[in-house]
1. Could you give every pair whose Cβ atoms fall below 8 Å, whose first residue belongs to region 10-29 and is outside the structural domain of Glu139 (by TED's automatic domain parsing) and surrounded by 12 or more Cβ atoms within 10 Å (Cβ to Cβ), and whose second residue is in a loop (DSSP other than H, G, I, E, B) and among the β-branched types (Val, Ile, Thr), counting only separations of at least 6 or pairs across chains?
2. Take the residues in region 16-37 that are among the polar types (S, T, N, Q) and assigned to a helix (DSSP H, G or I); name whichever of them is farthest from Gln53 (Cα to Cα).
3. Taking the condition in a helix (DSSP H, G or I) and not aromatic (Phe, Trp, Tyr), does Ala90 pass?
4. Looking at region 1-10 only, could you name the residues that are of a type in the set (Ser, Thr, Tyr) and not in a helix (DSSP H, G or I)?
5. So Asn141 passes all but one of these: (1) surrounded by fewer than 18 Cβ atoms within 10 Å (Cβ to Cβ); (2) assigned to a helix (DSSP H, G or I); (3) of a type outside the set (Gly, Ala, Ser); (4) at pLDDT 95 or above. Which condition number does it fail?
6. Given Gln32, Gln53, Gln48, which one is touching a residue at least 40 places away in the same chain (Cβ under 8 Å), farther than 29 Å from Glu139 by Cα and more than 17 Å from the chain's Cα centre (by Cα)?
7. Looking at region 63-98 only, could you name the residues that are basic (Lys, Arg) and surrounded by fewer than 19 Cβ atoms within 10 Å (Cβ to Cβ)?
8. For the list (1) touching a helix residue (DSSP H, G or I) at 6+ places or on another chain (Cβ under 8 Å); (2) part of a helix (DSSP H, G or I); (3) modelled with pLDDT of 85 or more; (4) among the small types (Gly, Ala, Ser), I need the number of the one condition that Ala41 fails.
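The values are calculated or read from the model by the stated rules, or taken from the named source; none is laboratory data. Nothing here was measured: the structure is a model prediction, and the numbers come from that model. Note: ideal-geometry Cβ built from the backbone for every residue, glycine included; neighbour counts use all protein chains shown.
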Amino acid sequence: MNLSDDDFTLFGLAPKFSIDRAALDTCWRQLQARVHPDRFAAEGPTAQRLAMQWSVRVNEAYRRLRDPLTRAAYLCELRGAPIEAHSNTAMPGAFLMQQMEWREALEEAPDTAAVEALDEEVRASERALLDEVRQLLDERNDPPTAAQRVRALMFVARFREDIEARLDALGQ
């Protein structure tokens, strides 16, 4: 193992969007068992410090690979198409219109049922975008287009947080 290995190499996985979540979880547990700082308690502070670095690296990689959005962003970057979410916010007009319609619907939703219906619509859109990202990365090898869709997914994820906040405010 090398600290500078990419996350997929670290976990022994093919660098693809579609991953076997059970295999990822199993590998994470195995890696953590090998590098956990408690295993190196008797070997002195240098060994413990190195084990801590490994433990942090393994956990960081696991969190990135476990989440479809961060995994997609990571794959795009590995393939030369960084997301650049802070500097590249360009979105297709139709997507921006959809976002505005959703925001308006959320603001005007009279009750929990209306917010939950909107949430289901947004979840369906999110699932469709994730499937498109999977196709773009795993089948078409089109990281630039995938990066654009990942940026759209980031908008959707933020909006879903707004939906959750609204549901909380409605006492859900």
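1. From residues that are outside the structural domain of Glu139 (by TED's automatic domain parsing) and surrounded by 12 or more Cβ atoms within 10 Å (Cβ to Cβ), the pairs are Leu13/Ile19.
2. Going through region 16-37, the residues among the polar types (S, T, N, Q) turn out to be 18, 26, 30, 32.
If we keep only those that are assigned to a helix (DSSP H, G or I) as well, we get 26, 30, 32.
Numbers: Thr26: 20, Gln30: 16, Gln32: 12 Å.
Looking at the filtered set, the residue picked out is Thr26.
3. On the way: in a helix (DSSP H, G or I): no; not aromatic (Phe, Trp, Tyr): yes.
Spelling it out, it is not the case that Ala90 is in a helix (DSSP H, G or I) and not aromatic (Phe, Trp, Tyr).
4. Residues of region 1-10 that are of a type in the set (Ser, Thr, Tyr), as a first pass: 4, 9.
Scanning region 1-10 gives a single hit, Ser4.
5. (2)
6. On the way: Gln32 fails: touching a residue at least 40 places away in the same chain (Cβ under 8 Å); Gln48 fails: touching a residue at least 40 places away in the same chain (Cβ under 8 Å).
Going through Gln32, Gln53, Gln48 in turn, the sole match is Gln53.
7. Restricting attention to region 63-98, the residues satisfying the condition of being basic (Lys, Arg) are 63-64, 66, 71, 79.
Arg63, Arg64, Arg66, Arg79, listed by residue number.
8. (3)
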